[in-house]
Structures are given as structure tokens and as C-alpha cells.
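The values are calculated or read from the model by the stated rules, or taken from the named source; none is laboratory data. Computed from a predicted model, the values in this text were never measured in an experiment. Note: ideal-geometry Cβ built from the backbone for every residue, glycine included; neighbour counts use all protein chains shown. Ligands, DNA and RNA are stripped out before the accessible areas are found, and what is left, the full protein with its side chains, is counted by its heavy atoms. Shrake-Rupley method; radii C 1.70, N 1.55, O 1.52, S 1.80 Å.
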Amino acid sequence: TFSIDVDTGSYSNVRRLLNNGALPNPDAVRVEELINYFSYQYPTPKTENMPFGVTTEIAPTPWNEKTHLLHIGVKGYDLDKNELPASNLVFLVDISGSMQSANKLGLLKSAIKLLTRQMRSKDRISLVVYAGATGIVLEPTSGKNQAKISSAIDSLTAGGSTNGGAGIKLAYSMAEQAFIKNGVNRIILATDGDFNVGTTNFSALKSLVEEKRKSGIALTTLGFGRGNYNDKLMEQLADAGNGNYAYIDRLSEAKKVLVDEMSATLKTIAKDVKIQIEFNPQQVEEYRLIGYVNRVLKREDFNNDKIDAGEIGAGHTVTA
């Protein structure tokens with residue numbers, strides 16, 4: 001029994017480290033995120049009435065002839081980005097001193113422009129920044145006002161320490177102010193995760209996000225940069241906020257997450273998705289789940305709706 005996971009941040013972070021000739025910290029290698037980075041072309045459900053398609057397959061394990069691999073794939077109902085409900089997106093951008101480099105704030109600005117260019121007149125974009133202090137750079141603005149949105153993004157410059165907790169509170173307040181009933185209401189936190197002033201306690205930040213998700217506003221995290229990059233914080237904040245986590249190491253990755261997979265990133269089609277597999281003891285002597293180490297649940301948690309689990313976006317695939 002385990003929670004699904006559609007995060008992909010571990011894959012692109014590990015890829016960056018390997019490309020730079022370094023081995024990643026073992027904790028940064030979350031196998032399910034490497035597997036779920038790819039889509040596998042599972043058949044897509046034809047209607048919303050059947051929100052998921054399930055594909056299963058069993059085959060001999062290539063590296064151990066005494067065992068088999070059981071492959072389970074879940075594919076969510078897809079939605080064309082033009083069919084997405086009205087979106088209320090609040091970008092929460094880290095402009096602290098640690099973000100001052102081309103692969104951090106420079107890449108971040110280009111990345112969020114890719115997404116804002118997809119917005120329609122019924123969508124609302126807001127921009128909140130945080131460093132030592134927090135502030136509103138852009139009040140909720142219609143997606144058709146591209147010049148105003150681009151100008152606000154271009155104005156961002158880095159400097160100061162990082163008060164992430166205060167930024168998160170202000171972003172939720174902004175999202176609540178522009179809340180769209182039955183729409184997409186989401187904060188997109190873009191940072192290197194190096195929160196060093198204000199609420200820096202990891203569990204306190206997580207509790208804050210867990211409390212705020214009850215408002216119906218999801219939190220997606222986009223990680224940038226290297227050196228002081230906090231991968232664990234980014235992954236777990238997104239999980240606590242009913243969102244997803246991606247690591248952006250290049251513009252093509254930003255395009256994949258924010259344009260090509262925009263519906264999956266923004267529109268949640270199912271919350272608290274859990275998988276339970278029952279093995280026939282007459283056929284299966286023992287089994288092991290590959291990855292999902294921090295997603296394992298107790299058997300009785302499967303039917304307990306109070307136990308949090310992962311969210312699936314439109315067209316997302318989950319593989320175990």
C-alpha cells in the first residue's frame with residue numbers, strides 16, 4: 001500500500017549532477033521520480049467518467065533470472081490546455097542573494113514567462129517576491145495583459161537573505177484574494193530552497209503548507225540552481241501542499257513542465273491517490289517495491305481519507 005508520486009525533480013537534479021561529473025547524494029536519488037519522468041505512452045482514458053486507465057505487465061527481471069518484474073502503470077484522463085478551467089496562479093519568487101546567477105534567477109524568469117504566455121484573458125497571474133522582506137510585484141492581472149506581466153517578471157533582481165515562510169503566507173493570501181471557484185488555484189514557488197531567515201524550521205514550514213492546503217489552493221515547487229540547493233525541502237513542501245515538484249536545470253526542462261505538460265502541472269484530477277496491490281501467497285513468495293520509500297502507507301491507511309497521499313494531474317502517468 002503506497003501513495004502515488006508524480007514528482008520528477010529527482011531525475012533532472014541527478015542528471016545535472018552526473019553531467020557535471022559528480023555523483024549525487026544517495027538521498028537525492030528517488031527511484032520513483034526517475035521512473036515517472038517518462039510517459040510510457042499508456043492508453044489514455046477516453047472520458048472523464050473513467051478518470052484512470054491501468055496497464056499491467058510481468059516479465060523476467062533482466063539482472064536476476066530468479067525473479068520477475070511486475071510493472072503497473074496508471075494514466076490519468078487528459079485535458080487539452082485550452083479546455084483548462086480559469087486559472088488563478090500566484091508566482092512566489094525567491095529574489096534573495098543566493099539566486100543571483102544565470103542558472104537561477106535568469107533561468108527562472110525565462111521559465112515563468114513560458115507559462116504566462118499560455119494564459120488566457122480569463123486567467124489571473126500574480127507575482128509575489130521574498131528576500132529579507134516580502135512584497136507584491138504584480139496584483140492579480142488578466143492573462144491577456146502580457147506586456148504588464150512580462151514587465152513585472154523582467155523587473156526582478158536578486159539581493160538579501162531568504163525569508164521563505166513570510167513569502168509563503170503572503171502568496172496564500174494573494175491566492176485567496178483572487179480565488180476562482182471551480183478553477184485552478186495554485187501557488188508556484190520558484191527558489192533554490194535555501195530559506196535562511198524567518199521560519200527556517202523544516203517541519204514548521206511543512207505544517208504551514210499543510211494547514212493552507214485546506215483552502216483549496218495547491219502549491220507547486222520549481223527548484224533552481226546548485227550548491228546550496230535544498231532538494232528535500234522542495235519535494236516535501238510540494239507533497240504537503242497537494243502539488244508537484246520539478247527541478248529546472250535548463251530551459252527545455254521548463255518547457256516540458258510548464259508548456260508540454262501544462263495541464264498535468266496545473267489541473268488536479270484526483271487527490272490523495274493511493275495504490276494497494278494484493279499478492280496471492282500461493283504464487284508469490286516475497287515481493288519488494290522499487291522506489292516510493294517515503295510513500296509507503298500502512299495497509300489500513302488505504303481506506304482512511306484522513307491520510308494524505310499524492311495528487312494526479314490531467315494526463316499524468318504513474319508507474320510502479
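Protein heavy-atom surface of the chain, 1.4 angstrom probe: 50% of the accessible area is carbon and sulfur, with nucleic acids and ligands not counted. Within region 240-290, the chymotrypsin sites (Phe, Trp or Tyr not before Pro) that combine a DSSP coil assignment with at most 15 other C-beta atoms in a 10 angstrom radius are PHE279, TYR287. With a ≥ b ≥ c taken as the square roots of the eigenvalues of the C-alpha gyration tensor of region 32-154, please select rounded if a/c is under 1.5 and otherwise prolate if a/b is larger than b/c or oblate if it is not? In terms of gyration-tensor shape, oblate. Quick check on my link table: of LYS169/LYS256; LYS75/LYS214; LYS169/LYS267; LYS81/LYS144, which ones sit more than 19 Å apart, alpha carbon to alpha carbon? LYS169/LYS256; LYS75/LYS214; LYS169/LYS267, as the Cα separations exceed 19 Å there. What separates the Cα centres of region 1-32 and region 291-320 is a distance of 19 Å. Model label sites at LEU251 and ASP272, defined 7 Å from Cα along the beta-carbon direction, differ in position by 4.3 nm. Gain on full extension, evaluated as 0.36 nm per residue between GLN118 and LYS306 minus their Cα-Cα distance, stands at 64.1 nm. Given the alternatives (i) 64, 45, 34; (ii) 68, 48, 36; (iii) 56, 52, 40, Cα extents along the principal axes in Å as computed for this entry is given by (i). Mean-square fluctuations from a GNM of the chain, with a 10 angstrom spring cutoff on Cα atoms, peak among THR268, THR56, THR141 at THR56. With a Förster radius of 45 Å, plug the Cβ-Cβ distance of TYR40 and GLU211 into 1/(1 + (r/R0)^6) and report the FRET value to the nearest 0.05. Efficiency computed from Cβ-Cβ geometry: 0.80. Sparse packing (at most 14 other Cβ atoms within 10 Å of the Cβ) combined with a DSSP loop state is found for the following trypsin sites (Lys or Arg not before Pro) in region 19-100: LYS46. Farthest towards the positive end of the charge dipole of the chain, among the residues GLY167, VAL128, PRO45, is the Cα of VAL128, using unit charges on the Cβ of Lys, Arg, Asp and Glu.
With R₀ set to 30 Å, the beta-carbon distance separating SER150 from VAL29 gives a calculated FRET efficiency near 0.20. For the chain, the antiparallel share of DSSP beta bridges with both residues in that region comes to about 50%.
Computed over the chain with a Gaussian network model linking Cα atoms closer than 10 Å, the most mobile of ALA28, ALA240, ALA264 is ALA28.
Taking a spot 7 Å from the Cα of VAL296 along the direction of its beta carbon, which residues of region 259-290 have an amide N less than 16 Å from it? The answer is 275-279, 286-290, whose backbone nitrogens lie closer than 16 Å to the label point.
Which residue, ALA147, ALA309, ALA158, tops the fluctuation ranking in a GNM of the chain built on C-alpha contacts under 10 Å? Among ALA147, ALA309, ALA158, the largest GNM mean-square fluctuation belongs to ALA147.
Is the shape of region 1-80 best called rounded, prolate or oblate, per the rule: a/c under 1.5 gives rounded, else a/b larger than b/c gives prolate, else oblate, with a ≥ b ≥ c the square roots of the Cα gyration tensor eigenvalues? It comes out oblate by the Cα gyration axes. State which stretch of the chain is the longest one without any exposed GluC sites (Glu not before Pro), exposure meaning a DSSP loop state and at most 12 other Cβ atoms within 10 Å. By the stated rule (loop sites, at most 12 other Cβ atoms within 10 Å), 49-277. Centre-to-centre separation between the Cα atoms of region 92-156 and those of region 214-251: 16 Å.
Rounded to the nearest 10 square angstrom, ARG226 shows an accessible area of 130 square angstrom against a 1.4 Å probe. As an exercise, use a Förster radius of 25 Å and the Cβ-Cβ distance of ASN64 and GLN282 to find the FRET efficiency, rounded to the nearest 0.05. That pair, ASN64 with GLN282, gives E of 0.70.
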